[in-house]
């Protein structure tokens, strides 16, 4: 329509509700949001409302077209409400508001997407409502409305920010990560048991990637840190120990910075269940590929190493990319590395551990452990939280993964974990069950998080509440369970049980809640470890659990 109100022309005619249109900067195209019913039920609902002069455009997508209505294209296919679109001054991308990520509906964040529907990129991360994005004509300023920093609930204010184009090398590549996962969790590597030929192949794969990224070797001319340990195959047989010769793979990115951050994950798994760590009975000889545990974490670390080494930014931190072996046998590799990390790199200020980050559920629940090990962590993990994610916060620096080794050396730690599942420590933990979109988003989260840590002037170490008054207990026996990281007060929730270990032999199963070992009360993982110090190998002890609301006592031989 002309500005005098003449020459009115209808541009869209499809069934539905179209609106919120803006011109491209060259005035050749329009961008708008549209709610278009497709199913018979949706069409009936739309027509019934229209008969009452009403519309309910709750599901909307972004469209573009020429100003004469031709060349109509749907740009987004995200579901839920995608609206308030606006062209970037280049006319090659569009910013818009969306709640497609949200499980609660109201959480609107601003996204950017190319006009061909590719390269969806999240722009805002804070508050519950961000919308109406626009640019200054030169594209250097970005303005939007948001509920953040309001004095009252739902107060909406206008914000202006500098618009800085991201380095494309900093975009996480799902394809790269899938390639890593597919190889590491393939039958060719036969489960990557520490010290095995499969573990050696995995180590060579990681070393080759580090060389491509031009990382500095940790020691000498290669990335390998060799170490040996003994593992007891049968906890009830004194002469069942075997020697394991394993290797950590360590790469260093030197940004000439005053601080260094370790980003790590373990790359070993259970092999053919030679060490009897499987949760599946009678699974000796079956390949345990360990896609989630922990090819997922390795793929994230390698992608982060690629981004940090190949981007155009020189961060305010150096980075150590550490892939550990021997984790499944008791954090063996990380203990060796952490023992001397401060002597070799005295400016290490934090360690971020990724273990089992490939099974993000539909509610996007992500456990972040170690939050209490530095006062800067609490605010930071929320600041960079991906839209729609629900963070389960665990303050402790101790747990059954490699971050524990660094916490015990007074290094602040963060631990990311998407939770256990029915395939945990079983041959069925395969690549086809990995949530690649979730893994990509978690990797992007760690990238933003570690960038934020790099900018912190000081990351002080804090002993977590329970362990501040006493050293982490040393114990000689294990129950053979996978504890839950849920913040519970009614005992230690058991997420998994390892076959042929004391818990399994006594009839304890996943889903049970551990209450007492003997007379020692178990409330969480720390008291659990403390209770284990009171037990010796060969002891027979009553263990009390809660199952389906009823207390049961099992006789357990350690």
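Quick one: if you stick a label point 7 Å off each Cα along the C-beta vector at residue 281 and residue 393, how many nm between them?
Result for the modelled spin labels: 4.3 nm.
How far, in degrees from 0 to 90, does helix 174-184 lean away from the longest principal axis of the Cα atoms of the chain, to the nearest 10?
20
Taking the Cα centroid of segment 480-533 and of segment 328-381, what is the distance between the two, rounded to the nearest whole Å?
If you average the Cα positions of each part, the centres end up 22 Å apart.
Taking the Cα-to-Cβ direction at residue 116 and at residue 428 and moving 7 Å from each Cα, how far apart do the two end points lie in nm?
Calculated label separation equals 4.0 nm.
Just subtract the alpha-carbon distance of residue 15 and residue 134 from 0.36 nm times their residue separation and send over the number in nm, one decimal. Walk me through the intermediate numbers first.
Values: separation 119, 0.36 × 119 = 42.84 nm, distance 2.83 nm.
Full extension of this stretch gives 40.0 nm more.
Rank the residues 402, 107 as a footprinting-exposure proxy: fewest other Cβ atoms within 10 Å of their Cβ go first. Could the numbers behind the result be given before it?
Values: 402 31, 107 17.
Least crowded to most crowded, the residues run 107, 402.
Extension gain residue 254-residue 240, at 0.36 nm per residue separation less the Cα-Cα distance, in nm? Spell out each step's value before the answer.
Working: separation 14, 0.36 × 14 = 5.04 nm, distance 4.37 nm.
Between residue 254 and residue 240, full extension yields 0.7 nm more.
In 5 Å bins starting at 0, how do the alpha-carbon pair distances of segment 288-357 split up by percent?
Values per bin, smallest distances first: 3, 13, 22, 23, 21, 12, 5, 1.
What 222 nm value per residue comes from the helices of the chain, counting each DSSP H run with n ≥ 4 as -39,500 (n - 2.57) and dividing by all residues, nearest 500 deg cm²/dmol? Please report the intermediate quantities before stating the final value.
Working: 10 runs with 111 residues, N = 558.
Roughly -6000 deg cm²/dmol at 222 nm, from the helical runs in the chain.
Tell me, how many Å apart are the Cα centres for segment 20-58 and for segment 243-264?
Cα centres, segment 20-58 to segment 243-264: 53 Å.
Return the Rg/Rh value of segment 17-165, two decimal places, where both radii are evaluated on C-alpha atoms and Rh is the Kirkwood radius. Please list the in-between numbers first.
On the way: Rg = 15.9 Å, Rh = 16.2 Å.
Answer for segment 17-165: 0.98.
Given 0.36 nm per residue, what is the gain on full extension from residue 347 to residue 476 after removing their alpha carbon distance, in nm?
43.1 nm
Roughly how tilted is helix 197-212, in degrees to the nearest 10 and between 0 and 90, from the longest Cα axis of the chain?
The angle comes out at about 40 degrees.
Counting other beta carbons within 10 Å of each Cβ, put 186, 27, 296, 90 in order, fewest first.
On the way: 186 17, 27 9, 296 33, 90 13.
Ordered from fewest to most neighbouring Cβ atoms within 10 Å, 186, 27, 296, 90 come out as 27, 90, 186, 296.
If you fit an axis through the alpha-carbon atoms of helix 436-455 and take the longest principal axis of the Cα set of the chain, what angle between them do you get, 0 to 90°, nearest 10?
80
Taking segment 316-371 on its own, what percent of its Cα-Cα pair distances exceed 15 Å?
Details: 959 of 1540 pairs.
When all Cα pairs of segment 316-371 are counted, 62 percent exceed 15 Å.
If packing is taken as the average count of other Cβ atoms within 10 Å, what order do 7-19, 73-85 fall into, highest mean first? Can you show the working numbers first?
Values: 7-19: 12.3, 73-85: 19.0.
Going by the mean number of other Cβ atoms within 10 Å, highest first, we get 73-85, 7-19.
When DSSP assigns beta bridges and you keep just the ones with both residues in segment 170-455, what percent turn out antiparallel, to the nearest 5?
Details: 21 of 43 bridges.
Of the beta bridges lying entirely in segment 170-455, close to 50 percent run antiparallel.
Looking at the chain, send over the antiparallel percent of its DSSP beta bridges, to the nearest 5.
Numbers: 75 of 99 bridges.
Bridges in the chain are about 75 percent antiparallel.
What order do you get for 284, 328 when you list them from fewest to most C-beta neighbours inside 10 Å?
Values: 284 13, 328 24.
Least to most surrounded, the residues fall as 284, 328.
Give me the distance between the Cα centres of segment 427-441 and segment 167-233, rounded to whole Å.
18
Taking a ≥ b ≥ c as the square roots of the Cα gyration tensor eigenvalues, with a/c under 1.5 meaning rounded and otherwise prolate when a/b beats b/c, else oblate, which class fits segment 224-329? Provide the component values of the computation, followed by the final result.
Details: a/c = 4.05, a/b = 2.17, b/c = 1.86.
Prolate.
Once the Cα gyration tensor of the chain is diagonalised, what are the square roots of 5 times its eigenvalues, in whole Å and ordered largest first, as equivalent ellipsoid semi-axes?
On the way: eigenvalues 467, 147, 98 Å².
Semi-axis lengths for the chain are 48, 27, 22 Å.
Read-outs throughout are calculated quantities, based only on the coordinates presented, and are distinct from any laboratory measurement. These figures come from a predicted structure and were not determined experimentally. Backbone-built Cβ (ideal geometry, glycine too); neighbour counts: all protein chains shown.
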